[in-house]
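A short write-up of the structure that comes next.
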C-alpha cells in the first residue's frame with residue numbers, strides 16, 4: 001500500500017485559459033505521459049469555472065463536496081451537487097461553474113464510459 005495526499009496544499013494551478021479559480025491535485029499520471037486514464041481532484045473556488053471547451057477524452061465529473069452548474073453540448077446549465085456525477089463524451093463541448101465552490105473527482109480516458117445498470121441475472 002502507498003498512501004499519498006490530494007489535500008489542497010498539494011494542488012496546483014494549471015496554466016492556460018480553461019480554468020478560472022480552479023486548483024488540481026492529480027491522482028494518476030497524465031494520459032499525455034502514457035497513462036490509460038487520468039484522475040484528479042478539482043477544487044473550484046466560489047465564482048470559479050472550467051470554461052466551455054470540447055472534452056479531449058470521455059470524462060466523468062463526480063462532485064464530492066459543494067455545488068455548481070454543468071452544461072453539455074446544448075449549453076443548458078443544470079445544477080449539480082455532492083453525490084451527483086455527469087458524463088461527457090469525447091469531443092462534447094461542456095462547462096462547469098460554481099457560485100459556492102465545489103470539489104470534484106474528474107476521471108478521463110479514451111475508452112471511458114459511465115456505469116450503466118447491471119443486467120438482470122438469468123436464473
Note to self: Is it the case, given these coordinates, that residue 72 is within 23 Å of residue 113 (Cβ to Cβ), modelled with pLDDT of 95 or more and surrounded by fewer than 14 Cβ atoms within 10 Å (Cβ to Cβ)?
What the structure shows: no
Note to self: Tell me which strands (runs of 3 or more DSSP E) are completely within segment 34-123 and hold 2 or more residues being in contact with a strand residue (DSSP E or B) (Cβ under 7 Å, 6 or more places away or on another chain), farther than 21 Å from residue 12 by Cα and without any contact (Cβ under 8 Å) to a residue 24 or more places away in the chain, or say none if there are none.
What the structure shows: 78-81
Margin query: Quick check on segment 17-27. Is at least one of its residues more than 21 Å from residue 75 (Cα to Cα), at pLDDT 95 or above, in contact with a strand residue (DSSP E or B) (Cβ under 9 Å, 6 or more places away or on another chain) and not in a strand (DSSP E or B)?
Written below: yes
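The values are calculated or read from the model by the stated rules, or taken from the named source; none is laboratory data. Here the structure is a predicted model, which is why all the values come from computation and not from measurement. Glycine also receives a Cβ, built like all others from the backbone with ideal geometry; neighbour counts cover every protein chain displayed.
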